[in-house]
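Have a look at the structure below, then the notes.
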Amino acid sequence: MRTSSITRNTKETQITLSLNLDGTGKNDINTGIEFFDHMLTQISTHGFIDLTIKAKGDIGVDCHHLIEDVGITLGLALKEALGDKLGITRYGKAIIPMDESLVLCAIDISNRPYANIDDPFTTKMLGEFQTEMVKEFFIALANNAGFNIQTIMLRGTNNHHMVEGTFKAFARALLEAVTINERFGLPTSKGVL
C-alpha cells in the first residue's frame, strides 16, 4: 500500500494528514474552512485517494497560513507515499467540465517542482476561502511533492464552478499520474526522478 502520515505543527497551524494513494476515495476532512474542505474532498473522491486531514490555524487572521500549510503537508505526504516511484505512469492530464466552466490540468511527477495555475477568478471570496489561495495551495503542494502542475481555465464565469473544476481536474490528473503500470519501471531516460 502506498500510504503516508504527516504531522506539521507551527506557531500558525497544526495539521495531521494521512493518505492512501490506492484507496477508494474515503475521506474525513476538517480544516475549519468549509469551502476548502469541499475542495479537498474533490481531490479524495475523484482521485480515489483515502484522505484524512485535521487542521487548525490562525484563520481569524485570514485563511492564507492554513491553506498554504495544508498544501505543504499534502505535498510531503504524496512524495512519501510515492516512495521510489517505480512503475508510476508519471504524467497525468484531465479536462474537466463543471457546469459552464472547463478546466485543463496536467501533472508531471518529475521531482522538478513547478506550478503554473491559471486563476482568472472575479470573486475574492467563496465563503471563508480566498480565491487567490487556489494558486498558493497548488504552489505549496508542487514544491513539496516535487510535481510540475499546470492548470488552464479554458472557460468559466461562475467562480465556485471554476475553483471546483480546478480541484477536480487536478484529482483526475493525479489519479492518472500515480497509477502503476508494470511495463514502466522508473519512467525516465535519466535513470532517476
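Rule-based calculations on the coordinates, nothing more; no lab input. As the structure is a prediction and not an experimental result, all values here were calculated from the model. We place every Cβ from the backbone using ideal geometry, glycine too, and count neighbours over all the protein chains shown.
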Inset, instruction - Quick one: which residues, 5 or more positions from LYS26 or on another chain, have an amide H under 5 Å from its amide H? H modelled 1.01 Å from N in the peptide plane, none for Pro or chain starts. - result: ASP50, LEU51
Legend entry - Hz values of 3J(HN,Hα) by residue in region 3-16 - Karplus curve (6.51, -1.76, 1.60), Gly and Pro given as x: 10, 7, 9, 10, 10, 10, 10, 10, 5, 9, 9, 10, 9, 10
Inset, instruction - Any chance you could run the full-extension gain for THR45 through MET1? It's 0.36 nm times the residue separation minus the Cα-Cα distance, nm to one decimal. - result: 14.0 nm
Inset, instruction - Sort largest first and round to whole Å: the equivalent ellipsoid semi-axes of region 17-115, each the square root of five times a Cα gyration tensor eigenvalue. - result: 23, 18, 15
Legend entry - 3J(HN,Hα) from dihedral phi, region 117-129, Karplus parametrisation 6.51/-1.76/1.60, rounded to Hz, x for glycine, proline: 10, 6, 9, x, 6, 10, 10, 6, 10, 10, x, 9, 9
Legend entry - Label-zone membership for region 144-165, site ARG112, 7 angstrom Cα→C-beta point, backbone N under 15 Å: 146-150
Legend entry - Percent breakdown of C-alpha pair distances by 10 Å bin, ordered from the shortest bin, for region 46-88: 22, 44, 24, 9, 1
Legend entry - Pair-distance profile P(r), taking every C-alpha pair of region 86-191, with 10 angstrom steps and integer %: 16, 44, 28, 10, 2
Inset, instruction - Would you please classify the overall shape of the chain from the alpha carbon gyration tensor, given that a ≥ b ≥ c denote the square roots of the eigenvalues, rounded means a/c under 1.5, and beyond that prolate means a/b larger than b/c while oblate covers the rest? - result: oblate
Inset, instruction - Provide ARG90, ARG2, ARG112, ARG183 in ascending order of the number of other Cβ atoms located within 10 Å of each residue's Cβ, fewest first. - result: ARG183, ARG112, ARG2, ARG90
Legend entry - Distance between modelled label sites at MET125 and THR52, nm, 7 Å Cα→Cβ extension: 3.3 nm
Legend entry - Helix-only [θ]222 nm of the chain, DSSP H runs n ≥ 4, -39500 (n - 2.57) each, per residue, nearest 500: -11500 deg cm²/dmol
Inset, instruction - Subtracting the Cα-Cα distance from 0.36 nm times the residue separation, let me have the gained length for GLN14 to GLU132 in nm, one decimal. - result: 40.3 nm
Legend entry - Filtered GluC sites (Glu not before Pro), region 105-193: DSSP coil and at most 10 other beta carbons within 10 Å: GLU182
Legend entry - Per-residue HN-Hα couplings for region 55-60 [Karplus 6.51, -1.76, 1.60; θ = phi - 60°; Hz; x = Gly/Pro]: 9, 10, x, 7, 5, x
Inset, instruction - Would you kindly state how much longer the chain becomes between ASN30 and LYS190 on full extension, computed as 0.36 nm times their sequence separation minus their alpha carbon distance, in nm to one decimal? - result: 53.6 nm
